[in-house]
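Visitor: Let me begin by handing over the structure; questions about it come next.
The values are calculated or read from the model by the stated rules, or taken from the named source; none is laboratory data. Note that the structure is a prediction, hence the values are computed from the model and not measured. Cβ placement follows ideal geometry from the backbone for every residue including glycine, while neighbour counts extend to all protein chains displayed. Surface accessibility is based on the protein's heavy atoms, side chains included, excluding ligands, DNA and RNA. Shrake-Rupley method; radii C 1.70, N 1.55, O 1.52, S 1.80 Å.
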Amino acid sequence: KGGGFKLEHRVRTALDAKYGIHHSVVQVSKLLSDLPGKVPDISEKNFLTEAMKCYRIEAYRAAIVMVWNLSYSHLLYWLLADAARLQKFNSAISVRYPKKTLSVSKYEDFLEDLKEREVIEICNTASVISKEAAKVLLEKLNKRNTAAHPNSIVIVQSQADDVITDLVNNVVLALV
């Protein structure tokens, strides 16, 4: 296929049984399976469950999208969990986007009034997340967009591994 070769599923399964699964698959699967007790919200748990299912069946585009949903939802709930942090975020909205005159007080406000990229940039402006965390989020948002929208880009396991480990370690586990 495309000048290369692709193993038929039964042959691949037999080879996996004989030689084992790649260590990165084991690591990412463990990272995801260890998360349920660490995500507080039921919607986050649902995103995590779907992400694990997608990853296991090698639906890497879908796994990237679901881990993004988990991470973004986690960020929003983390912002809402602390009044001082939310105040800093709200104060930074008009600094970052002078034409926006709004204040966020509940989860739905984020979804109705702000784009994901804007939320990340406002968090960065408010210094409620580190510049490095903002860079990770913006980079992975671009990866999510590539995975989520129809295009000819091939998404492979290593790309999913990168997105998943980066978001889980630097957003979900870091923002507590």
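Visitor: Averaged per residue, what accessible area in Å² does region 110-160 show with a 1.4 Å probe, protein chains only?
Guide: Details: 2760 Å² over 51 residues.
That works out to 54 Å² for each residue.
Visitor: From the phi angles alone, apply the Karplus equation (6.51, -1.76, 1.60; θ = phi - 60°) to region 8-15 and give each ³J(HN,Hα) in whole Hz, x where the residue is Gly or Pro.
Guide: 5, 3, 5, 5, 4, 4, 5, 5
Visitor: Just check region 104-176 against the gyration tensor rule for me: Cα atoms, a ≥ b ≥ c as the square roots of the eigenvalues, rounded for a/c under 1.5, and otherwise prolate or oblate depending on whether a/b exceeds b/c.
Guide: oblate
Visitor: Same structure again: Given points 7 Å out from each Cα along the Cα-Cβ axis, report the Ser94 to Lys131 separation in nanometres with one decimal.
Guide: Between Ser94 and Lys131, the label points sit 2.7 nm apart.
Visitor: Through the Karplus equation 6.51 cos²θ - 1.76 cosθ + 1.60, θ set to phi - 60°, convert the phi angles of region 66-76 into ³J(HN,Hα) values in whole Hz; use x for Gly and Pro.
Guide: Per residue, the Karplus-derived 3J(HN,Hα) values read 5, 5, 4, 4, 4, 5, 5, 4, 4, 4, 5 Hz.
Visitor: If you stretched the chain out fully between Asn151 and Thr165, how much longer would it get, using 0.36 nm times the residue separation minus the C-alpha to C-alpha distance?
Guide: Taking 0.36 nm per residue and subtracting the Cα distance, the gain is 2.7 nm.
Visitor: For the ranges 145-154, 159-168, what's the packing order if you count other beta-carbon atoms within 10 Å of each residue, average per peptide, and put the highest first?
Guide: Going by the mean number of other Cβ atoms within 10 Å, highest first, we get 159-168, 145-154.
Visitor: Give me the aspartates and glutamates in straight-line cross-link reach of Lys140: C-alpha distance below 15 Å, same-chain residues under 8 apart excluded.
Guide: Glu116, Glu118, Glu121, Glu132, Asp161, Asp162, Asp166
Visitor: Could the peptides 93-100, 5-12, 51-58 be put in order, highest first, of the mean number of other beta-carbon atoms found within 10 Å of their residues? Could the numbers behind the result be given before it?
Guide: Working: 93-100: 12.5, 5-12: 9.1, 51-58: 17.1.
Top of the packing list down: 51-58, 93-100, 5-12.
Visitor: Scan region 85-176 for chymotrypsin sites (Phe, Trp or Tyr not before Pro) in coil per DSSP, keeping those whose Cβ has at most 10 other Cβ atoms within 10 Å, and list them by number.
Guide: Qualifying residues, ordered by number: none.
Visitor: Beyond 27 Å between alpha-carbons counts as too far, so tell me which of Lys6/Lys135; Lys53/Lys100; Lys53/Lys131; Lys6/Lys53; Lys106/Lys131; Lys53/Lys106 fall in that bin. Numbers along the way, then the final one.
Guide: Working: Lys6/Lys135 35 Å; Lys53/Lys100 39 Å; Lys53/Lys131 32 Å; Lys6/Lys53 23 Å; Lys106/Lys131 25 Å; Lys53/Lys106 30 Å.
Those over the limit are Lys6/Lys135; Lys53/Lys100; Lys53/Lys131; Lys53/Lys106.
Visitor: Rank-order 131-142, 64-75 by packing density, defined as the average count of other C-beta atoms within 10 Å over each peptide's residues, highest first.
Guide: In descending order of packing, they fall as 64-75, 131-142.
Visitor: Calculate one ³J(HN,Hα) per residue across region 137-146 by plugging θ = phi - 60° into the Karplus curve 6.51 cos²θ - 1.76 cosθ + 1.60, and present them in order as whole Hz with x for glycine and proline.
Guide: Each residue's phi maps through the Karplus curve to give 4, 5, 4, 6, 4, 4, 5, 4, 4, 4 Hz.
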